[in-house]
Amino acid sequence: MEYFPFYMNIEGADCLVIGGGRIAQNKIEKISSFKPRITVAAPQICPEIRAFSGLTLVEAEFTPDLLSGRDFVIAATDSRDVNHQIAQLCKAGKIPVNAVDSREDCSFIFPALIHKGPLSIGISTAGSSPSAAIWLKERISALIPDQMADILLVLEAIRPQIQKAVPEQKRSAVYRELLSQSIALGRAPDEAELRQILQSEAYTND
């Protein structure tokens, strides 16, 4: 079984996490920085989950009506049978679902995730070896400059300026040069450095 790595904006999406223990906590930690609206449903909810801000807590056993209107669901109870039941209901209702510890019940899975500002890198072995995914994550993370998030934010902000100043056929070269210089400097180019690049004959002449 293989998974295509869709990247989706889940900010404001309605997420239901069913389960109130450590596994549910781990899933919440992974998605919370992407700012979905998270509801947690479980008879008992651990203090670590309660410490998250902005969660809606439903202290009750799972019932199918809890699935109504959800954009995606995470079944993270300590019962494989309950997680399977939830997954079946979600699939019947065409709701994306992740059922912990049961790849066959998942319509989406969690990658080993590197997340730094606008940079997101997901690494998946399709469940065949989570340890290998974590091993790769650690080594890829070590290759990413510490200031990459800030560099990306600045490069995003100056894109309109580049689009206005540089002919379309030469923009890719400018973006590559800006990225190369940013990594070498450990920061995005300042105004003077950017102006020098944009005024270069290599990018302004046809």
Any residue in the range 84-93 that is surrounded by fewer than 19 Cβ atoms within 10 Å (Cβ to Cβ), part of a loop (DSSP other than H, G, I, E, B) and touching a helix residue (DSSP H, G or I) at 6+ places or on another chain (Cβ under 9 Å)? yes
How about the range 113-148: which of its residues are open to solvent by 50 Å² or more (accessible area, probe 1.4 Å), part of a loop (DSSP other than H, G, I, E, B), out of contact with any Lys or Arg (no Cβ under 8 Å at 6 or more places or on another chain) and over 18 Å from residue 30 (Cβ atoms)? 128, 146
Can you say whether residue 17 is of a type outside the set (Lys, Arg), in contact with a Cys (Cβ under 8 Å, 6 or more places away or on another chain) and buried (at least 16 other Cβ atoms within 10 Å of the Cβ), as far as the supplied structure shows? no
Exactly one of these conditions fails for residue 84: (1) closer than 22 Å to residue 6 by Cα; (2) in contact with an Asp or Glu (Cβ under 7 Å, 6 or more places away or on another chain). Give me its number. (1)
Residue 8: passes all of (1) open to solvent by less than 90 Å² (accessible area, probe 1.4 Å); (2) free of Cβ contacts under 8 Å to residues at least 60 places away in the same chain; (3) under 18 Å from the mean Cα position of the chain (by Cα) but (1)
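The values are calculated or read from the model by the stated rules, or taken from the named source; none is laboratory data. Quick caveat, the model's predicted, so the values are computed rather than measured. A quick note on method: Cβ atoms are made from the backbone with ideal geometry, for glycine too, and the neighbour counts reach across all protein chains shown. SASA here: full protein model, heavy atoms, side chains in, ligands and nucleic acids out. Shrake-Rupley method; radii C 1.70, N 1.55, O 1.52, S 1.80 Å.
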